[in-house]
Amino acid sequence: MASLSFWASYTLQAQTTVNTQVKQINKVYQEVRNNISRKKLGTSHFTFNLKRHNLHHSGYRHYSQKLYYNWQKEQVYLRLALVRSERGNVDYQKEFLFNQEGELVYFQEKQNDEKKYPYREVKVYFAQGKLLVWNQNQQNNLHHQRIQSPVEKVQLIMQEAKALQADLHKRIKEQ
């Protein structure tokens, strides 16, 4: 009986720690959004097919990136990346939030790719480069040919986050 109460106490303490970390990440998100609205962060924008030509044709594609960053000690740090990718009727909207040290701490994706993913929206929190919380909004009545595990998706998120950081550094060097 003592081991059961110890386990319950440990589990409650671990959940409290995770909740505290999530609250801190949400606070960072709000601070970054406030800094964006106050124009306190640098920005870099890239758009492919801005006017969405061929909107009603099968080859239609639109892609945009908005990167928000700050400078610290001669170093540039990506703080928030907003990415939107549309192809035909499939739309992906992604947000990548980075802490002051440039580590990915939050990812959110909204999409309507019913054939590929079992969710409409996913929110992922990270701590020190590792998955902290995976929260997805389920889609109903869908038959998926392939369901991607959170482990696979986290690897793809981390790769895309690194690519966005590399894009920002490349753009800064070109200025």
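The values are calculated or read from the model by the stated rules, or taken from the named source; none is laboratory data. The structure displayed is predicted, hence computed values, not measured ones. All Cβ positions, glycine included, derive from the backbone under ideal geometry; neighbour counts span all protein chains shown. Only protein heavy atoms, including side chains, enter the accessible area calculation; ligands, DNA and RNA are left aside. Shrake-Rupley method; radii C 1.70, N 1.55, O 1.52, S 1.80 Å.
From GLN139, GLN145, grab the single residue that is surrounded by 12 or more Cβ atoms within 10 Å (Cβ to Cβ), at pLDDT below 85 and farther than 30 Å from HIS45 by Cβ. Give the steps one after another, and end with the answer.
Values: GLN145 fails: surrounded by 12 or more Cβ atoms within 10 Å (Cβ to Cβ).
The unique qualifying residue is GLN139.
Residues in segment 66-109 that are open to solvent by less than 10 Å² (accessible area, probe 1.4 Å) and not aliphatic (A, V, I, L, M): PHE96, PHE98, PHE107, GLU109. For segment 111-127, a residue qualifies if it is at pLDDT below 90 and open to solvent by 30 Å² or more (accessible area, probe 1.4 Å), and the qualifying residues are ASN112, GLU114, LYS115, LYS116, ARG120, GLU121.
Number of residues in segment 155-175 that are open to solvent by less than 60 Å² (accessible area, probe 1.4 Å) and modelled with pLDDT of 90 or more equals 10.
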